[in-house]
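See structure below.
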Amino acid sequence: MSKRRLYFVALALLVVGAHIAMLTSDRMPFETALRLTLVNASIWGLIALPALYFWMRKRAKRAADER
């Protein structure tokens, strides 16, 4: 496994872990935590998914150029 992939998996695990911690926290009502989790997850999706798409496109182009 490459270092980049390992970093991406670690980041994803940290984000998911933070969402779980926020949902199970007793410091705020569950409804508030759920709303914040949904907003946070959607923002991460808006940031990470396009970056992942362009990275995979670049990787596929390099593989096609090597052939």
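The values are calculated or read from the model by the stated rules, or taken from the named source; none is laboratory data. Predicted, not measured: the structure shown is a model, and the values here were computed from it. Backbone-built Cβ (ideal geometry, glycine too); neighbour counts: all protein chains shown. Ligands, DNA and RNA are stripped out before the accessible areas are found, and what is left, the full protein with its side chains, is counted by its heavy atoms. Shrake-Rupley method; radii C 1.70, N 1.55, O 1.52, S 1.80 Å.
Can you tell me the FRET efficiency between Ala60 and Phe8 if r is taken as the Cβ-Cβ distance and R0 is 22 Å, rounded to the nearest 0.05? Show your work: numbers first, answer last.
On the way: r = 17 Å, r/R0 = 0.76.
The formula returns an efficiency of 0.85 here.
So what's the angle, to the nearest 10 degrees on a 0 to 90 scale, between helix 30-66 and the longest Cα principal axis of the chain?
0 degrees
Can you tell me the accessible area per residue over the range 3-66, all protein chains present, probe 1.4 angstrom, in square angstrom?
On the way: 5570 Å² over 64 residues.
On a per-residue basis, the range 3-66 sits at 87 Å².
When ranked by the protection proxy of mean other Cβ atoms within 10 Å per residue, highest first, what sequence do the peptides 37-46, 52-61 form?
Numbers: 37-46: 11.9, 52-61: 10.3.
Top of the packing list down: 37-46, 52-61.
If you project the alpha carbons of the chain onto their three principal axes, what span does each projection cover, largest first, in Å?
Reported extents, whole Å, longest axis first: 56, 22, 9.
Compute the long axis of helix 3-24 from its Cα atoms, compare it with the longest principal axis of the Cα atoms of the chain, and write down the angle in degrees, 0 to 90, nearest 10.
Computed tilt is about 10 degrees.
Quickly work out the Leu34-to-Ala18 label distance, labels modelled 7 Å from Cα along the C-beta direction, and quote it in nm with one decimal.
About 2.2 nm, to one decimal.
For the chain, what does -39500 (n - 2.57) per DSSP helix run (n ≥ 4), summed and divided by total residues, give at 222 nm, in deg cm²/dmol to the nearest 500?
Helix contribution divided over all residues of the chain: -32000 deg cm²/dmol.
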